[in-house]
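What follows is a short report on a single structure.
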Amino acid sequence: MANTSSWLTEVNETFTVSAIPDVNSTAVATHMLWGAAALSLIVVATAFGNILLCMAVLTEKRLQNMTNYFLASLAVADLLVAIIVMPLAVVIQVYGLSFNPFCYVCL
């Protein structure tokens, strides 16, 4: 039994890592807030730009040709990414979470 507990102690000492460096907690919170704001601005700008492109193609008669329909379909796909995927990525990035859908042990 003594051998097992010393082995566990050695493993715990080996894998003990501090996730946050020794800094002021308000500095970490401010850093997270600015990071979230910057990434959220990118998400909003992406969604807004794609909505503008779709509206331009739908409302302007001169823009309604095959090439612009193709660009509008790409904008719709990009809009879906901006609405569905990017907000989740912002949360994962800001909070430092790791997400791997193929890793069942991680859950």
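How large is the convex hull of the Cα atoms of segment 43-98 per residue, expressed in Å³ as a whole number?
Numbers: hull volume 3.4 nm³, N = 56.
Hull volume normalised by residue count: 61 Å³.
If you rank Met86, Met66 by fewest surrounding Cβ atoms within 10 Å, what's the result?
Working: Met86 18, Met66 7.
Ascending number of Cβ neighbours within 10 Å: Met66, Met86.
Throughout, read-outs are computed from the coordinates displayed, never taken from laboratory work. Everything quoted here is computed from the prediction, not taken from an experiment. For neighbour counting, all protein chains shown are included, and Cβ atoms are generated from backbone atoms with ideal geometry for every residue, glycine included.
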